[in-house]
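Notes follow once the structure below has been shown.
Every number here is computed from the coordinates shown, using simple stated rules; none is lab data. Keep in mind it's a predicted model, so treat the numbers as computed, not measured. Every residue, glycine as well, gets a Cβ built from its backbone with ideal geometry; the counts of neighbours run over all protein chains shown.
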Amino acid sequence: MNRKAMLTVEHLSCGYGKTEVIHDLSFQVAAGERLCILGPNGCGKTTLLRALAGVLPCQGYMEADGAALCGLTTKQRAKKIALMSQFSRPAFDYTVYEAVMLGRYAHRSGSLFPAETVADRAAVEDALRRTGVWELREHSVMRLSGGQLQRVFLARTFAQEPQIILLDEPANHLDLRYQAALLESLRDWTADKRRCVAGVFHDISLALAFADKALLLEEGRALACGPVEGLDERMLDRLYGMDVRSYMKRMYGRWE
Amino acid sequence: MRTGVKIGLLFLTAFAALLLGTGVGSVYVPPGDILSIAAGRMFDLPLPDHIPAGYSAMVLDMRLPRVLLAFLTGASLAVCGAVMQSLLQNPLASPFGLGVSSGAGLGAALVIVLGLASAGLGTFLLPAVSLVSALCTVFLVLFLAAKLDRRMSNVTVILVGMVVSLFCNAVMSLLATGSPAHAQRIQLWQLGSFSMREWSAVWALGPAAVLVCLYFLRYAGELDVMTCGEEQAVAMGVELRRVRGRLMTAVAVLTGTAVAFVGIIGFVDLIVPHVARRFFGAAHRRTLPACALLGGTFLVLCDLAARTLTPPHEIPIGSITALLGAPFFLYLFFAGRREG
């Protein structure tokens, strides 16, 4: 691979309590690349994302843009990696602008009562415009539709200005139109050569259409990891325990 | 309206409530007279002729400390409520609802029954035991809730809090029955009372309230981020475990101290943050100061009602806040149900 590695994971193991879910996993994501993590329910996809985001303690070595993650503070790590999950209803009445401004937390200085800076406001405005919610900035997040809300969360993720965005089924419960727009914004965002995306998607077709690299997870171990082009379909069949291609053909056949 | 203007209005309202609370009683003292009496004491000036000599002591040594104590308690409880709600991402959580106040009250009742309160070190022992038991209750409730339901949903946390709260109250009643000498004081405690009108209480609670509120304000940014949920908060750069531990402890300290002096007063910590958020938005750097002013004003007015509605008897302050708070809680609960 000639492109620079943005995210490197070596011998990663983690889990909950005594149960190990991810076993000795190694993979790389290059700059500008979009990785999708595939596997059946319970194979450890979300656990892997949680470990990468620093939510879950883990063993092994992880590196983002050349810096070892274990040596970073939570704030420094958040400047490199952001996590976007499927939306949940916010419980408190922030405006869209305020909600996106929360993404700037990691960039605040350590002073006693830190305030918003010019850079914060610029990043928030850019994120709001990029995701098409600038017009909604004064609205309350509690009164947005699911699609609008997910765009606000995407804006917050952009405002965090990470180099790596982790996605945890971000397109779930979204109308088709919003799904397409969401993935389009993420594709644009990754076009910058110092960024990459790693995501878990519920929908395999969606995942393979969005990503250019796939990591197949079987019971917490890497079954395969490589470009989506030339992905060995027998691996997919083994992973999901069924003939994936013919199922998809039947499913999507009516659109031919 | 600009936030500054709104906060200014709140300041004025709070000041007016303090004057009203001090002025109204068995005899009415007009606001102007209160100010001249206060100025007289502070700057050692002679009193105007139309003010009877006894008024000075009545206003400054009986009414003012009581009103200030009510204000400080209201402010402390409201701010603690707002912080607790954000920490648990649960707009229905509050120190009272989680049993923290009852736990603190139980600790205080134990100190009273064991006869330690009257000793010289009682002044410090009572708040200390009260805040330690408040702390224990917070962790007990959260531990139980997490055991029962890994997601710690609204309903679980509230139910567990209610169970613990009822249990602590029952033990307090037992203690009251078991030691008739202290029964009255404990019963007074269970529904809260400002009848302990002493400056010493104001001097103890005042600094605690100011310091803890400033501490919360310093964490306003973290609190905002924590409303997004624990996982998101970590991914956005908050050192969750450390910050949450510190803030929970601060909540327990302030609630415990307030309970030690005035007993258990419910619902202030639930109602006030909601009202504050409605007018000031959810951002903590605005909501927390608003909570302090609104909560203080609210409790001063409740205490005024408690003293004046049924003379010569006093209604327990906790009854007044519960009369207002319980319907409000139901309203929030059902409104939340409809939306989500």
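Conditions (1) aliphatic (A, V, I, L, M); (2) within 24 Å of A:ARG50 (Cβ to Cβ); (3) in contact with a Gly (Cβ under 6 Å, 6 or more places away or on another chain), marked per residue:
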position	(1), (2), (3)
A:VAL133	yes, no, no
A:ARG137	no, no, no
A:LEU149	yes, yes, no
A:THR157	no, yes, no
A:GLU161	no, yes, no
A:ILE164	yes, yes, no
A:GLU169	no, yes, no
A:LEU176	yes, no, no
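Working carefully through the options A:ALA224, A:ALA127, find the one that is without any contact (Cβ under 8 Å) to a residue 60 or more places away in the chain and either within 18 Å of A:GLN28 (Cα to Cα) or surrounded by fewer than 20 Cβ atoms within 10 Å (Cβ to Cβ) (or both). Give the steps one after another, and end with the answer.
On the way: A:ALA127 fails: either within 18 Å of A:GLN28 (Cα to Cα) or surrounded by fewer than 20 Cβ atoms within 10 Å (Cβ to Cβ) (or both).
Selected residue: A:ALA224, the only one of A:ALA224, A:ALA127 that is without any contact (Cβ under 8 Å) to a residue 60 or more places away in the chain and either within 18 Å of A:GLN28 (Cα to Cα) or surrounded by fewer than 20 Cβ atoms within 10 Å (Cβ to Cβ) (or both).
Take the conditions within 22 Å of B:VAL100 (Cβ to Cβ), hydroxyl-bearing (Ser, Thr, Tyr), assigned to a helix (DSSP H, G or I) and in contact with a Lys or Arg (Cβ under 8 Å, 6 or more places away or on another chain) and apply them to B:THR287. Does it pass?
It is true that B:THR287 is within 22 Å of B:VAL100 (Cβ to Cβ), hydroxyl-bearing (Ser, Thr, Tyr), assigned to a helix (DSSP H, G or I) and in contact with a Lys or Arg (Cβ under 8 Å, 6 or more places away or on another chain).
Looking at the stretch B:224-266 only, could you name the residues that are surrounded by 24 or more Cβ atoms within 10 Å (Cβ to Cβ) and at positive phi?
Selection gives B:GLY237, B:GLY263.
Could you check the stretch A:101-113 and list, in sequence order, the residues that are part of a loop (DSSP other than H, G, I, E, B) and under 19 Å from the mean Cα position of the chain (by Cα)?
In the first step, residues of the stretch A:101-113 are kept if they are part of a loop (DSSP other than H, G, I, E, B); the result is A:108-113.
Passing the criteria: none in range.
The rows are residues; the columns are (1) in contact with a helix residue (DSSP H, G or I) (Cβ under 6 Å, 6 or more places away or on another chain); (2) surrounded by fewer than 18 Cβ atoms within 10 Å (Cβ to Cβ); (3) outside any loop (DSSP other than H, G, I, E, B); (4) more than 10 Å from chain B (Cβ to nearest Cβ).
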site: A:HIS23; (1), (2), (3), (4): no, yes, yes, yes
site: A:VAL29; (1), (2), (3), (4): no, no, yes, yes
site: A:ILE37; (1), (2), (3), (4): yes, no, yes, yes
site: A:ARG50; (1), (2), (3), (4): no, no, yes, no
site: A:ALA115; (1), (2), (3), (4): no, yes, no, no
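Any residue at all in the stretch A:170-179 that is surrounded by fewer than 22 Cβ atoms within 10 Å (Cβ to Cβ), over 17 Å from A:CYS36 (Cβ atoms) and either of a type in the set (Lys, Arg) or in contact (Cβ under 8 Å) with a residue 60 or more places away in the chain (or both)?
yes
With the requirement that a residue be over 21 Å from A:LYS193 (Cβ atoms) and out of contact with any helix residue (DSSP H, G or I) (no Cβ under 6 Å at 6 or more places or on another chain), what does the stretch A:52-68 give you?
If the condition is that a residue be over 21 Å from A:LYS193 (Cβ atoms) and out of contact with any helix residue (DSSP H, G or I) (no Cβ under 6 Å at 6 or more places or on another chain), then A:PRO57, A:GLN59, A:GLY60, A:TYR61, A:ALA68 are the ones that fit.
Check A:ALA123, A:ALA119, A:ALA155 and return the single one that is assigned to a helix (DSSP H, G or I), in contact with an Asp or Glu (Cβ under 8 Å, 6 or more places away or on another chain) and away from chain B (no Cβ under 12 Å).
Among A:ALA123, A:ALA119, A:ALA155, only A:ALA123 is assigned to a helix (DSSP H, G or I), in contact with an Asp or Glu (Cβ under 8 Å, 6 or more places away or on another chain) and away from chain B (no Cβ under 12 Å).
Could you check the stretch A:87-100 and list, in sequence order, the residues that are buried (at least 22 other Cβ atoms within 10 Å of the Cβ) and within 19 Å of the chain's Cα centre (by Cα)?
Within the stretch A:87-100, A:ALA99, A:VAL100 qualify.
Every residue in the stretch A:126-151 that is under 24 Å from A:ALA180 (Cα atoms) and within 11 Å of another protein chain (Cβ to nearest Cβ), please.
A:VAL141, A:MET142, A:ARG143 - these are the residues of the stretch A:126-151 that are under 24 Å from A:ALA180 (Cα atoms) and within 11 Å of another protein chain (Cβ to nearest Cβ).
Please work out which one of (1) of a type in the set (Lys, Arg); (2) more than 14 Å from every other protein chain (Cβ to nearest Cβ); (3) closer than 20 Å to A:ARG104 by Cα is the condition B:ARG244 fails and give its number.
The number of the failed condition is (2).
Which condition number in (1) assigned to a helix (DSSP H, G or I); (2) without any contact (Cβ under 8 Å) to a residue 40 or more places away in the chain; (3) facing chain B (nearest Cβ under 8 Å); (4) not polar (S, T, N, Q) is the one that A:CYS70 fails?
With respect to (1) assigned to a helix (DSSP H, G or I); (2) without any contact (Cβ under 8 Å) to a residue 40 or more places away in the chain; (3) facing chain B (nearest Cβ under 8 Å); (4) not polar (S, T, N, Q), A:CYS70 is out only on (3).
Would you say B:GLY74 is in contact with a Leu (Cβ under 7 Å, 6 or more places away or on another chain), surrounded by 24 or more Cβ atoms within 10 Å (Cβ to Cβ) and under 30 Å from B:ALA183 (Cβ atoms)? Break it down into steps so the answer makes sense when it comes.
On the way: in contact with a Leu (Cβ under 7 Å, 6 or more places away or on another chain): yes; surrounded by 24 or more Cβ atoms within 10 Å (Cβ to Cβ): yes; under 30 Å from B:ALA183 (Cβ atoms): yes.
Criteria met by B:GLY74.
Kindly provide the set of residues from the stretch B:212-227 that are closer than 15 Å to B:GLY81 by Cα, at the interface with another protein chain (Cβ under 9 Å from one of its Cβ atoms) and assigned to a helix (DSSP H, G or I), ordered by number.
Of everything in the stretch B:212-227, those that are closer than 15 Å to B:GLY81 by Cα, at the interface with another protein chain (Cβ under 9 Å from one of its Cβ atoms) and assigned to a helix (DSSP H, G or I) turn out to be B:LEU217, B:ALA220, B:ASP224.
For the structure I just gave you, tell me whether B:LEU301 is buried (at least 24 other Cβ atoms within 10 Å of the Cβ) and assigned to a helix (DSSP H, G or I).
Numbers: buried (at least 24 other Cβ atoms within 10 Å of the Cβ): no; assigned to a helix (DSSP H, G or I): yes.
Spelling it out, it is not the case that B:LEU301 is buried (at least 24 other Cβ atoms within 10 Å of the Cβ) and assigned to a helix (DSSP H, G or I).
Does the stretch B:178-199 contain any residue that is small (Gly, Ala, Ser), assigned to a helix (DSSP H, G or I) and under 22 Å from the mean Cα position of the chain (by Cα)? Let's see the steps before the verdict.
Just the residues of the stretch B:178-199 that are small (Gly, Ala, Ser), to begin with: B:178-179, B:181, B:183, B:192-193, B:195.
Now drop any that are not assigned to a helix (DSSP H, G or I), which leaves B:178, B:181, B:183.
Narrowing the set further to residues that are under 22 Å from the mean Cα position of the chain (by Cα) leaves none.
Looking through the stretch B:178-199, none of the residues is small (Gly, Ala, Ser), assigned to a helix (DSSP H, G or I) and under 22 Å from the mean Cα position of the chain (by Cα).
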